[in-house]
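Peer 1: Below is a structure I'd like to ask you about.
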Amino acid sequence: MPSIATRTGDDGTTSLLYGQRVPKDHPQIEAVGAFDELNVALGAVKPRLGTAPRERELHAFIVTVQKNLVALMGELACAESDAARYAASKFEKLAERDVVVLDDAVAALEARGLKFDGWATPGANARAAALDLARVTARRAERRLAALPAHGRTIRPELRQWINRLSDLLWLLAREAEQ
């Protein structure tokens, strides 16, 4: 098995999806890194879930979101000059239906009549704290995504909509975990 240590990044650069080299602090790499952090933060929620039906449902939902994150990161890891190539590829891509799934999840949580008043104070319990950490990580990733057009990278609306909805959903899930 080949080593993960290629040493090609020793000069401070890294590869985008189709091989273009960019500095490690390139805005696209910053965005991909922020979404990778979000994927890890969501992974940290899963061990805090039990075996009750609602918790198993949430676990499965988080796995789906993590798969969506991998698709999003793949798209962001592609240079603007390779966007058409990526669009035509077999790689999974976020779609409007993925945004609808999050919209539906937000609506379902809001319909449960969650009680919250004013600014949240994270840390009521381990699960709520993990969800709030994922939420703020999602907001940072959203800011990195929003910055990319100023650097010449076109972003499909579905990506912006999806991360915005996910951030809202994570806030609601944290409030649910507190109760």
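Readers should treat all values here as calculations from the given coordinates under stated rules, not as data from a laboratory. Note that the structure is a prediction, hence the values are computed from the model and not measured. Methodologically, a virtual Cβ is constructed for each residue, glycine included, from the backbone with ideal geometry; neighbour enumeration extends over all protein chains shown.
Peer 1: Once you put a point 7 Å from the Cα of GLU110 and another 7 Å from the Cα of VAL136, both along the Cβ direction, what distance in nm separates them?
Peer 2: The two pseudo-label positions are separated by 2.5 nm.
Peer 1: With label points built 7 Å along Cα→Cβ from the Cα atoms of ASP82 and VAL63, find their separation and express it in nm.
Peer 2: The modelled label-to-label distance comes out at 3.0 nm.
Peer 1: Applying 1/(1 + (r/R0)^6) with R0 = 35 Å to the Cβ-Cβ distance of ARG56 and ALA146, what FRET efficiency is obtained, to the nearest 0.05?
Peer 2: 0.55
Peer 1: What's log10 of I(q)/I(0) for the range 8-178 at q = 0.12, 0.19 Å⁻¹, Debye sum over Cα points only, no solvent?
Peer 2: Computed log10 I(q)/I(0) values: -0.57, -1.22.
Peer 1: Give me the distance between the Cα centres of the range 101-128 and the range 156-179, rounded to whole Å.
Peer 2: Their Cα centres are 9 Å away from one another.
Peer 1: Rounded to whole Hz and in sequence order, give me ³J(HN,Hα) for the range 155-165 from the Karplus expression 6.51 cos²θ - 1.76 cosθ + 1.60, θ = phi - 60°, writing x for Gly and Pro.
Peer 2: With the stated coefficients, the range 155-165 comes to 10, 5, x, 4, 5, 5, 5, 4, 5, 5, 5 Hz.
Peer 1: At 7 Å along the Cα-to-beta-carbon direction for both TYR18 and ILE155, put a label point, then send me their distance in nm to one decimal.
Peer 2: Each label point is offset 7 Å from its Cα along the Cβ direction, giving 2.2 nm.
Peer 1: Using Cα centres only, tell me the gap between the range 1-44 and the range 55-96 in whole Å.
Peer 2: Taking the Cα centre of the range 55-96 as reference, the centre of the range 1-44 is 16 Å away.
Peer 1: Just tell me which lysines come within less than 20 Å, Cα to Cα, of LYS90; anything on the same chain fewer than 8 places away is out.
Peer 2: Excluding near neighbours in sequence, the set is LYS67.
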